[in-house]
Amino acid sequence: MANADTIAATATAPGRGGIGVLRVSGPRVPAIAEAMLGACPRPRHATLGDFRDADDRLIDQGLALYFPAPHSYTGEDVLELQGHGGVAVQRLLLARALALGARLAEPGEFTKRAFLAGKLDLAQAEAVADLIDAASAQAARSAARSLEGEFSRRVDALVAGLVEARMYLEATLDFPEEELEGHAASRTRADVAALLGQVRDVERAASAGRLLREGLRVVLAGQPNVGKSSLLNRLAGDEVAIVTALPGTTRDPIRETLSLEGIPLHVTDTAGLRETTDAVERIGVEKAWGALAKADVVLLVLDAREGRRVADRAVLARVPAGVPVVEVHNKIDLGCEAARVPGEEGASAVFVSALTGEGMDDLKRAVLALAGRVPSTEGAFMARERHVRALARARTHLEGAGEPGLGPELVAEELRLAQEALNTITGAFGADDLLGEIFSRFCIGK
């Protein structure tokens, strides 16, 4: 897909640095290269050159790389000027490229052009941004696997299986005189069962990848003075929250991002949940209830010496349906062996000491288990919420196709809808509005 305009942007992060990279893509690249360098560089070779302005004055000196179409990241002519990383220098180079006929690139526009040129599918394009944003080694490796095409290959295999099943089934609908209906029904049931198992496998892996990318919102909730802030400090390995013996010390929610076996945890310490006449503390309690409503996992912190109280059951009653809860019985260093009881209504119970660290490994394992984490994220690919939802839609349609007694026409429609859901993952569709939303979240220059 050819673009009439040429785009340019600084591809390195703003600020001072050892190097700064200007990236230009589009039909005017050869002319811009000749104007700034004196000649277009040899394709795919690093060339030392002077970068000059309109009056032939030196702006900077560095390496120039020229990638002629179609053998480039975007599939177009691409020029990269690798100079020094000063802010003023990079602004001068960008201004020079714009003066020579380029326009400023939109966020993610280079990768969008790569997608439109068929260099990447949509899942791979999103993996570019995920690799840049990766907050842990595991997340980076998973994003790299998606960029390499692991996720796309598994989705493409599912689509190929659906196409095969649909072709055979719809052939029997188009040619009923061949008397294949009974054999087709038997074969379709087998195909649907096999595809359903494969979709579930990919869905589990995608859920693990989404966890690596987005992390978990973990909320510490409970009554005043049960040790929520001490627990946050123990998890963070630092004094991020003020701890005192006075009830109601925490007013505003305190947020800290941690990494647990490579999975980001966005932990929020909240005000003690109690009735209060203090206007400021009351606002803090309201914010605590708000954080609880948005949690992925709730850690209900209790004083292990007192056990579960009526007020704690009231908190449990307000946890959104489906949100897992860990009852964290804190202060076991003060002696409470008799109080070790199971969690209420299916909640996990963990006994810890935020002061000494005892039981913290049990707490970490409980959080990962309740989050639905697979045993290992090694081999997982990066996925987003939209990918997980698309796989869930495909699974639902395949489950519908496997319903006993469903007519062949309806089975064929369910298979078509399952394929349509999977196609949205790799971009085999024409939803321009979705493309705009995805690439607008990229950084400038990528």
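Select from the stretch 289-312 the residues that are free of Cβ contacts under 8 Å to residues at least 40 places away in the same chain and surrounded by 14 or more Cβ atoms within 10 Å (Cβ to Cβ) and write down the one among them that is nearest to H266 (Cα to Cα). First the steps, then the outcome.
Going through the stretch 289-312, the residues free of Cβ contacts under 8 Å to residues at least 40 places away in the same chain turn out to be 289-290, 293, 305-308, 310.
Next, from what is left, pick out any that are surrounded by 14 or more Cβ atoms within 10 Å (Cβ to Cβ): 289, 305-308.
Details: W289: 16, R305: 28, E306: 28, G307: 27, R308: 26 Å.
So the residue we want is W289.
When you check S207 against the structure, is it at pLDDT below 85, polar (S, T, N, Q) and farther than 22 Å from E420 by Cα, yes or no?
Working: at pLDDT below 85: yes; polar (S, T, N, Q): yes; farther than 22 Å from E420 by Cα: no.
No: the conditions fail for S207.
Filter the stretch 378-401 down to residues that are assigned to a loop (DSSP other than H, G, I, E, B) and either in contact with a Lys or Arg (Cβ under 7 Å, 6 or more places away or on another chain) or surrounded by fewer than 22 Cβ atoms within 10 Å (Cβ to Cβ) (or both) and give me whichever is modelled with the highest pLDDT.
The first filter runs over the stretch 378-401 and keeps only residues assigned to a loop (DSSP other than H, G, I, E, B), leaving 378-384.
Subsequent filtering for residues that are either in contact with a Lys or Arg (Cβ under 7 Å, 6 or more places away or on another chain) or surrounded by fewer than 22 Cβ atoms within 10 Å (Cβ to Cβ) (or both) retains 378-379, 381-384.
Numbers: E378: 53, G379: 53, F381: 74, M382: 76, A383: 80, R384: 83.
Looking at the filtered set, the residue picked out is R384.
Looking only at helices (runs of 4 or more DSSP H) that lie completely in the stretch 8-121, which have at least 3 residues being farther than 21 Å from L147 by Cβ?
Values: elements: 29-37, 87-99, 109-116.
It comes to 29-37, 87-99.
The values are calculated or read from the model by the stated rules, or taken from the named source; none is laboratory data. None of these values were measured; they are calculated from a predicted model. Positions of Cβ are generated from backbone atoms using ideal geometry, with glycine treated the same way; all protein chains shown enter the neighbour counts.
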